[in-house]
Amino acid sequence: MPKGSDLLVAALENEGVERIFGVPGEENLDVLESVRSSRIELVLTRHEQAAAFMAATHGRLTGRPGVCLATLGPGALNFSTGAAYAHLGAMPTILITGQKPVMSAAQARFQIVDIVASMKPLTKMTRQIVSAASIPAIVRDAFRVAMDERPGPVHLELPEDVAGREIGQVLAIPAHTLDRPVAAAAAIDRAADAILAAKHPLVMIGAAGNRPRLVEALSSFVRRTRLPFFNTQMGKGAVTGGSDLYMGTAALSEGDYVHEAVARADLIVAIGHDTVEKPPFLMKSAGGPKVIHVGYQSATVEQVYHPDLEVIGDIGASLETLGERLEGRLVQDEGMLVLRQKILARLNDRAEEDRFPITPQRIVHDVRKVMPEDGIVCLDNGMYKIWFARNYRTHVANTLLLDNALATMGAGLPSAMMAAMLYPSRRVMAVCGDGGFMMNSQEMETAVRLGLDLVVVILNDSAYGMIRWKQAVDGYPDSPLSPKQSSRWPPQAIVLGSPHLSSGSALQQKSHHLDNRKRLPANMR
């Protein structure tokens, strides 16, 4: 007779789950045994945080929730950063944790933490399962909630006695098609009129524009309207950076090259902008460009983002209708395209400079040179992230994965591992600072054990570089927050596991000879 854990695993199979990432514990042994006899692969990680990062990245790249598993108490709490990463980054994820039996208390309150309460602010939904018979319905609802706009994580807690309880056969609940609401015709009309009336319209593509299902819709809209566009950091790659309409990436909030285009614009069409990102530009109460918000959900009004018009509904359908209204009716802003050449030319400054300390521009240039167009670069969090966002030209959607929402350290390596598992025929590279790499460096064992074809580049300045930079900007002395450099460890680029980088490549050559050069100056750390 099946038991609760069998129903859980059968429900996950019904949702198309192929892998579960996690660390086992006493309270989820029934689940592990049910997985053993299923089609689902259990991927053992060395820390629950990495399992959550991998599951979230699965959701980000596929649009389908990744699933991770942990035990109660300490194991479940290790999911917290990964849950926040998925929640702020809008990545569909299912987090499953164990718990002591709910019908008995043979161990009193040993290891018991109220995980449901702790997960409430970090997830879209969190539930304790108290009835084995309800498992198929709860799992179906969890996947629906995780995938519905705005996507994110859902937490399910399965107590040990519910997992082990025998129960008669309960049929799985099939998934059904969900059609997203369509924007009101009046909203489309207002947006079209505003764009036609603008002299210098500019499109901005935000994080929600990078949903896998939107790639063609966005590209079609740009082709049909011939509107120049730029993107936020997490919107990067939604439309190819090789387009003759691409203006750049907003890696900073103001004062960067791309903000010359923002200053020229009298109207910005913000597609899929999510205010969890660091602001790509700062709206003013008066005197700045008008803003049209095109999104699945109404805009979150902030001090720096308060749109004048909104088009709310399925973004793909909205853009198709808006493109039909605008095609062939817009006069191209030649001045904006002249400005584009100026902006992009500046991004090539120092890209091939042969000097040490090596410039961030050269690092980005060398990585771009060795990565094919569909190769995936996964960034951890540090100063180099800004340079990659600005200078790394993407040609395929979701080929530069960075986090500009939670902006946590430690996610770069697990994200790259997930990308390598999903796309074994594509080249994958993780770029990490020494600080971020060490936060989940134990997962190198996982990557080797799984035989992942993966390159890891570690930018080692023997410091928390972003903190050191901020200390310098604010006039603080270098403090123990940035570990003092050892004379034995000058800054260097370390390349691990590089089957696709020949010894003649610029990046590989740099990794070999940086040891013998001078340290980075303070303003470059």
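Residues to consider are Thr225, Thr123; find the one that is of a type in the set (S, T, N, Q) and closer than 30 Å to Thr57 by Cα. If you could, list the steps in order and put the result at the bottom.
Numbers: Thr225 fails: closer than 30 Å to Thr57 by Cα.
One residue alone meets the criteria, Thr123.
With a cut-off of at least 1 residues that are surrounded by 15 or more Cβ atoms within 10 Å (Cβ to Cβ), in contact (Cβ under 8 Å) with a residue 40 or more places away in the chain and more than 19 Å from the chain's Cα centre (by Cα), name the helices (runs of 4 or more DSSP H) lying wholly within segment 300-410.
Details: elements: 315-326, 334-346, 360-370, 383-391.
Per the criteria, 315-326, 334-346, 360-370.
Within the group Val35, Val23, which residue is in the same structural domain as Ile94 (by TED's automatic domain parsing), under 16 Å from Thr97 (Cα atoms), crowded, with 17+ Cβ neighbours inside 10 Å and touching a His at 6+ places or on another chain (Cβ under 8 Å)?
On the way: Val35 fails: touching a His at 6+ places or on another chain (Cβ under 8 Å).
On inspection, the qualifying residue turns out to be Val23.
Count, please, the residues in segment 421-442 that happen to be touching a strand residue (DSSP E or B) at 6+ places or on another chain (Cβ under 6 Å), buried (at least 24 other Cβ atoms within 10 Å of the Cβ) and either assigned to a loop (DSSP other than H, G, I, E, B) or not aromatic (Phe, Trp, Tyr) (or both).
Final tally of qualifying residues: 6.
Restricting attention to segment 232-242, and to residues there that are surrounded by 20 or more Cβ atoms within 10 Å (Cβ to Cβ) and of a type in the set (Val, Ile, Thr), which single residue is farthest from Gln332 (Cα to Cα)?
Top of the filtered list is Thr232.
Yes or no, residue by residue, for (1) part of a helix (DSSP H, G or I); (2) among the acidic types (Asp, Glu); (3) modelled with pLDDT of 95 or more:
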residue	(1), (2), (3)
Met444	yes, no, yes
Ala447	yes, no, yes
Val456	no, no, yes
Met466	yes, no, no
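Tell me whether segment 352-363 contains one or more residues that are assigned by TED's automatic domain parsing to the domain that holds Leu459 and in contact with a Phe, Trp or Tyr (Cβ under 6 Å, 6 or more places away or on another chain).
yes
Name the residues in segment 246-273 that are surrounded by fewer than 24 Cβ atoms within 10 Å (Cβ to Cβ) and of a type outside the set (A, V, I, L, M, F, W, C), would you?
Tyr246, Ser253, Glu254, Gly255, Asp256, Tyr257, His259, Glu260, Arg264, Asp266
I'd like to verify a number: residues in segment 195-231 that are surrounded by 22 or more Cβ atoms within 10 Å (Cβ to Cβ) and of a type in the set (Lys, Arg), how many?
So the answer is 1.
The values are calculated or read from the model by the stated rules, or taken from the named source; none is laboratory data. Please read all numbers here as calculations on a predicted model, not as lab measurements. All Cβ positions, glycine included, derive from the backbone under ideal geometry; neighbour counts span all protein chains shown.
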